[in-house]
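The values are calculated or read from the model by the stated rules, or taken from the named source; none is laboratory data. Keep in mind that this is a model prediction, so the values were computed, not measured. Virtual Cβ from ideal backbone geometry, glycine too; neighbours counted across all protein chains shown. Heavy atoms of the whole protein, side chains included, go into the accessibility calculation; ligands, DNA and RNA do not. Shrake-Rupley method; radii C 1.70, N 1.55, O 1.52, S 1.80 Å.
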Amino acid sequence: MSTDPSPFLASAAPPDPDPDPRPGEPAAPAFDGEMQRLDPRHVACERVGGWVSAGVVALLGPLAIGAHAWLGQPSEARLLALALGWGALLVLLVVLNSFWPPLAFRHAAWRLSPRALEIRRGVIVRHWIGVPRARVQHLDVTRGPIERRFGLATLVVHTAGTHEHQVPLEGLSHETALALRDELLAGPARAEGDGA
Amino acid sequence: MAPEPPPAGWRRLHVSSLFFDAGRHAASLVLWAGTAVFVAARSQEAWFLVFLLLPLLEALVRFASFRYALTEEQLVLREGVLVRTLRHVPYARIQNIDTLQGPLHRLLGVVEVRLETASGEEPEAVFRVVSTAQLAELRAGVFGGRRAAPGPAGEERPAPFFRMSAGDILLFGLLAQKGLLVLGGAWVALHELDLWGALERRFAHEAEALEDRAQALDAWRWALVAVVVLLFLQGASVLWSFLKLAGFRIERRGEDLRTTCGLFTRQTASLPRGRVQYLEVRQSLVQRLLGRASVRALTAGGESDAERRVARHWIVPLAPRRELARILAEVQPAADFEGVRWRAVHAHAWRRLFVRAVLVLLVPVLLVTAYSPLLGALALVGGALGAGFAARARARVLAWGLGDEAVFLRDGLFARRMACVRFEKVQSLALVRTPLDRRARMARIALDTAGASKAAPRFVIPFLGLREARFLMRALERKSAALDFRW
């Protein structure tokens, strides 16, 4: 299961002739309606994010347990349980961080058809999201500090909807995000521009 | 930016605005007056009473500075003295015009008007208050320009296509269970004004006597008390219903729907029927038994004051089921629930529902088993049978349909719900598969529409067969992308 290629790409497209665009050499974004992978750098980017949160847990755990031992005078069994819990959490984070980002990457894809932007994501709960081009209200390109290091960006598509009024598309290269944004902005002639 | 003052000339609010605007702050006004009088009395300086005039002055300033004008394309508002605000609201953006007319308003021939666009909770413009002639002009200006058929407002009224009968208003009150709300309101009022404390002090002796007698009551008497309380609550609910809904009628002028209701305070809500984002027919079990149904429509305008504005919340609070098709044909021709070719969800949907019900029942059954194994076994068998029956029945009701203009959903075992979203109003689509869905080769499809609040009901078709879900997803994407969204 975890070794087969992305289920969308496997059936939809022939073997990719130019699989991975190398960093620093932006892939020409293709808006031809074919399924696109996220930028492969997204995996490393997610990993760094995971390491950061694991690091925070690794640092804060002993601090919190130490403070508890000092102030609360807990029993030794209790301290041991807390330390074990902390260790287990840390191991879980490390293990998760090693295999989750590639897995998520394999299950994420997007495509821009003449009608709609389509996003697929989710390892456990699989989402296929469609936003008709004519429903795009406005677009954000946001970049966190780690994303900036990797030359990545997140495109946030805003609609006039209620529950899902912003649809984020993470893990695009910055160039692709900008190009996709411009393409969506230029989209089909809309009767009305702004609104909500 | 804004062009200079429009040619049509500025309009002002009605003079009685002074009174109503000051009255809006009645509570703080009383406090203010009390303080002013108190200080004046204590310090023996009568001139302090001048401060009494401040709120009036404020209303006067607001009245004097507020202007509006109807131009070709937009409504222009001007307000403020130090900070001047000039607001342009394009007519095409205005979602609905709501009005509120209390007995005092009616006496003076004025009305409070709210205009709403799709931008958030607060109304875009509040006119407190204008004359009814001005309201007619506003309506004609805002909604008139778009209409093909020239509908001179204020002249002959079109016959309403639905009037709520007194029996239905009574029934609505009985079913709405608003008695507690009324009681709660009364309690809060008593509490706020410290009448409660006063009552307690005044009747302390009687209350004690009552308590003694209450202890002497037997079960039958208690039941009697309960019945009396229940009757009282239902009576209050019916009263509420008549206050809010008396004379409920809905009429159509061209593309605009207008509902009117209220015994003393009359509310109206106007909305272009093209701006209904989501439409829903609901029937509770009792409503179904009595052959009644209610219709609800969501617009993108704010719902900051939903409790007060029954007129817009419900297109039809309660109507005989057989009149529904006729009413819906006027309200939203696309919402032809009778003509939908309903399609079932996955044949095994009932299994999922069954498992869900059994899991919910598991805890109580285990508790019963701990108490008595025999009862537990009985509860298990009974629960499983009931769950199976209910799951089968609900899976039979659960259905979806694709019309020429809209997508439909039907759901509910006891309380039925039929929903309709036009393709034009679909904002985004999602096909979602949980691990359970994937095991059973199912998927659910969720539509997102513009709506006022997060509490709005969602349009989700669960337990679709995977092939059908994919087909529906593609179809919806194609059909909604082909249409431009116009609020």
Roughly how many Å is it from the Cα centre of the stretch B:370-399 to that of the stretch A:137-185, as a whole number?
48
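So for chain B, averaging the separation of alpha carbon pairs under 8 Å that are six or more residues apart and normalising by length, what relative contact order in percent results? Display every interim value, and only then the final one.
Working: 774 pairs, mean separation 56.0, N = 487.
So the answer I get is 12 percent.
Could you give the C-alpha radius of gyration of chain B expressed as a fraction of 2.2 N^0.38 Å, taking N as the number of residues it contains? If you can, show how the numbers build up before the last one.
Details: Rg = 28.0 Å, N = 487, 2.2 N^0.38 = 23.1 Å.
Dividing the Cα Rg of chain B by 2.2 N^0.38 Å gives 1.21.
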Could you name every residue in the stretch A:137-184 that has 50 Å² or more less accessible surface in the full protein assembly than in its own chain alone (probe 1.4 Å, ligands and nucleic acids excluded)?
A:Ala160, A:Thr162, A:His163
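Heavy atoms only, probe 1.4 Å: what % of the accessible area of the stretch B:349-396 goes to carbon and sulfur, would you let me know? Don't jump to the answer; show the numbers that get you there.
Details: 2630 of 3310 Å².
After summing per-atom areas, the C and S share lands at 79 percent.
Suppose only helical runs count, i.e. DSSP H with n ≥ 4. What mean residue ellipticity at 222 nm does that imply for chain B under -39500 (n - 2.57) per run, divided by all residues and rounded to the nearest 500 deg cm²/dmol? All intermediate terms of the calculation are to be shown ahead of the outcome.
Values: 17 runs with 217 residues, N = 487.
It comes out at -14000 deg cm²/dmol, rounded to the nearest 500.
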Would you work out what percent of the accessible area of the stretch A:62-135, with all protein chains in place, is carbon or sulfur (probe 1.4 Å)?
74
How big is the B-A contact in terms of buried accessible area, both chains counted, 1.4 Å probe, rounded to the nearest 100 Å²?
3000
Rounded to whole Å, give me the distance from the Cα center of the stretch B:244-280 to that of the stretch B:66-108.
20
Cα gyration tensor shape of the stretch B:349-396, rounded if a/c is under 1.5, else prolate or oblate by comparing a/b with b/c
prolate
For the stretch B:418-437, list whatever residues lose no less than 10 Å² of accessible surface once every protein chain is in place, relative to that chain by itself, with the probe at 1.4 Å.
B:Val426, B:Gln427, B:Ser428, B:Leu429, B:Ala430, B:Leu431, B:Val432, B:Arg433, B:Thr434, B:Pro435
Out of B:Trp222, B:Trp32, B:Leu289 - ranked by how far each Cα lies towards the positive end of the dipole of chain B, with unit charges on the beta-carbon of charged residues - the top one is B:Leu289
Of B:Ala207, B:Thr99, B:Val142, which is farthest on the positive side of the dipole of chain B, counting Cα position, with +1 on Lys and Arg Cβ, -1 on Asp and Glu Cβ, and the Cα centre as origin?
B:Val142
Under a 1.4 Å probe, counting only protein heavy atoms, B:Leu289 has an accessible area in Å², nearest 10, of 140
Accessible area per residue, 1.4 Å probe, Å², for the stretch B:71-130: what's the number?
45
Determine the per residue accessible area of the stretch B:233-384 with all protein chains present and a 1.4 angstrom probe, expressed in square angstrom.
45
